[in-house]
Amino acid sequence: MAQLDSRGMAIDVRPYVFGGLAAMIAESCTFPMDTAKTRLQIQGNQIRYRGAVHTIFTVLREEGLASLYKGLCPALLRQAVYGTIKYGLYYSAKDVFFSLNPKKRESNLVNLCCAVFAGSVSSAVATPTDVVKVRMQARSAHSHGSLIAVFLDIARKEGKSGLFRGMMPTAQRAGMVAGVQLPVYDFCRDKLARSKLFPEGGMTNLVASVLAGLAACAASNPIDVIKTRLMVQRRYLDDRIG
């Protein structure tokens, strides 16, 4: 957990650094599933993909392995921003709260409030990278090119608002994800440690992380669909473009 320095309100940066690195590694390992998720969310009534596994094999067969990782660069950039701020801000917010309220004990309500705050702020800041990632994953005719090329294309044709399209549902989803994921992780880790089902350390943390991730995905999926549908849409500054 982040610690407040005894000299004042200096914040330990380790949760920010390790949180960001962990988020980037996890994104790299699971990115093909994220691409499948995006393709499934935007297909609408024209059913082309049937489930995550079918989507992955279809993309592999028709477009090649590279298409499964299209958008990885903005995804890693997003996690470098979003993951770093989310995990670091969550523990820093808890430390600040308890330093101002030393008689208060840690509770699920405090964890929930800090998690929602951290998730909402971090996702709002990282929205432009999320928009670029979704456009590249969606195989849009306008999303060909590198990270910089897609970013500049959106900024030139859609303006700043295009880079922040879907920011509200993104912040709401991230607040819900963090509000479920981080407190559930703390709760499960504490219960597993007390139960002695697993040895203290890596295994306990891994099981708690899996349970927290599943809970967060189940809770946030409807908002995630709305977010993805909004981000893939284009609203040009000049109606003649397109």
#### Entry: Positions within the stretch 71-93 being closer than 16 Å to Val110 by Cα and in contact with a Leu (Cβ under 6 Å, 6 or more places away or on another chain), in sequence order
Tyr90
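Condition check ((1) under 13 Å from Lys70 (Cα atoms); (2) of a type in the set (Val, Ile, Thr); (3) at pLDDT 90 or above) across all residues:
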residue: Arg105; (1), (2), (3): no, no, no
residue: Ala115; (1), (2), (3): no, no, no
residue: Thr127; (1), (2), (3): no, yes, yes
residue: Val134; (1), (2), (3): yes, yes, no
### Message
Exactly one of these conditions fails for Thr84: (1) in contact with a Gly (Cβ under 6 Å, 6 or more places away or on another chain); (2) surrounded by fewer than 20 Cβ atoms within 10 Å (Cβ to Cβ). Give me its number.
### Response
(2)
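Closer than 24 Å to Pro222 by Cβ and not in a helix (DSSP H, G or I), is that true of Arg165?
Yes, satisfied.
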### Task
Output the qualifying pairs, or none if there are none: Cβ atoms under 6 angstrom, residues six or more apart or on different chains, first residue in the stretch 108-129 and under 13 Å from Gly88 (Cα atoms), second residue open to solvent by 70 Å² or more (accessible area, probe 1.4 Å) and of a type in the set (A, V, I, L, M, F, W, C).
none
#### Entry: One residue from Leu182, Leu206, Leu214, Leu192 being touching a residue at least 60 places away in the same chain (Cβ under 8 Å) and part of a helix (DSSP H, G or I)
Leu182
### Task
Select from the stretch 217-235 the residues that are open to solvent by 80 Å² or more (accessible area, probe 1.4 Å), part of a helix (DSSP H, G or I) and basic (Lys, Arg) and list them in ascending order.
Arg229
### All positions within the stretch 143-154 that are at pLDDT below 85 and surrounded by fewer than 16 Cβ atoms within 10 Å (Cβ to Cβ)
His144, Gly145, Ser146
### Query
Of the conditions (1) open to solvent by 20 Å² or more (accessible area, probe 1.4 Å); (2) in contact with a helix residue (DSSP H, G or I) (Cβ under 7 Å, 6 or more places away or on another chain); (3) of a type in the set (A, V, I, L, M); (4) within 29 Å of Lys133 (Cα to Cα), Ala178 fails just one. Which one is it?
(1)
### Summary
Of the residues in the stretch 105-136 that are more than 11 Å from the chain's Cα centre (by Cα) and of a type in the set (D, E, K, R), the one that is nearest to Gly179 (Cα to Cα) is Glu106
### Task
Could you run through the stretch 33-73 and say how many residues are closer than 20 Å to Lys227 by Cβ, open to solvent by less than 20 Å² (accessible area, probe 1.4 Å) and not small (Gly, Ala, Ser)?
6
### Message
Please determine whether any residue of the stretch 181-188 is farther than 25 Å from Val121 by Cα and of a type in the set (Phe, Trp, Tyr).
### Response
no
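The values are calculated or read from the model by the stated rules, or taken from the named source; none is laboratory data. Bear in mind the structure is a predicted one, so any value in this text is a computation, not a measurement. In this analysis, Cβ positions are derived from the backbone assuming ideal geometry, glycine residues included, and neighbour counts consider all displayed protein chains. Just so you know, the surface numbers come from the protein's heavy atoms only, side chains and all, with ligands and any DNA or RNA stripped out. Shrake-Rupley method; radii C 1.70, N 1.55, O 1.52, S 1.80 Å.
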